[in-house]
């Protein structure tokens with residue numbers, strides 16, 4: 001495996017985990033039992049940018065994964 005791809009994939013995966021955890025709503029037991037208000041609301045401001053950044057990170061993670069699979073040495 002290419003070390004640059006491996007390092008890039010680790011960095012993107014950590015950033016993706018942080019971005020997902022920043023979006024957490026209704027954490028704790030109250031969210032598990034429906035204590036969170038289920039009112040639909042649109043994303044605005046920084047919440048919208050964080051959502052878009054999460055999507056970009058997910059796509060980058062998929063690209064890094066496919067690239068590391070494509071550049072892996074074949075076991076012939």
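The values are calculated or read from the model by the stated rules, or taken from the named source; none is laboratory data. Values in this document were obtained by computation on a predicted structure and should not be read as measured data. We place every Cβ from the backbone using ideal geometry, glycine too, and count neighbours over all the protein chains shown.
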Q. With (1) surrounded by 11 or more Cβ atoms within 10 Å (Cβ to Cβ); (2) modelled with pLDDT of 90 or more as the list, and residue 21 as the residue in question, which single condition is left unmet?
A. (1)
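Residue check: is residue 26 over 15 Å from the mean Cα position of the chain (by Cα), at positive phi, at pLDDT below 95 and loosely packed, with under 12 Cβ neighbours inside 10 Å? Can you show your working first?
On the way: over 15 Å from the mean Cα position of the chain (by Cα): yes; at positive phi: yes; at pLDDT below 95: yes; loosely packed, with under 12 Cβ neighbours inside 10 Å: no.
For residue 26, the condition - over 15 Å from the mean Cα position of the chain (by Cα), at positive phi, at pLDDT below 95 and loosely packed, with under 12 Cβ neighbours inside 10 Å - is not met.
Listed here are the residues, each with its yes/no results for (1) at pLDDT below 95; (2) in a helix (DSSP H, G or I).
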residue: 42; (1), (2): yes, no
residue: 58; (1), (2): no, yes
residue: 66; (1), (2): yes, yes
residue: 72; (1), (2): yes, no
residue: 76; (1), (2): yes, no
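Restricting to segment 44-56, what's the tally of residues that are at pLDDT 85 or above and out of contact with any helix residue (DSSP H, G or I) (no Cβ under 8 Å at 6 or more places or on another chain)? First the steps, then the outcome.
Step one: of segment 44-56, the residues at pLDDT 85 or above are 46-56.
Filter again for out of contact with any helix residue (DSSP H, G or I) (no Cβ under 8 Å at 6 or more places or on another chain), leaving 46-49, 51-52, 55-56.
Counting residues in segment 44-56 that are at pLDDT 85 or above and out of contact with any helix residue (DSSP H, G or I) (no Cβ under 8 Å at 6 or more places or on another chain) gives 8.
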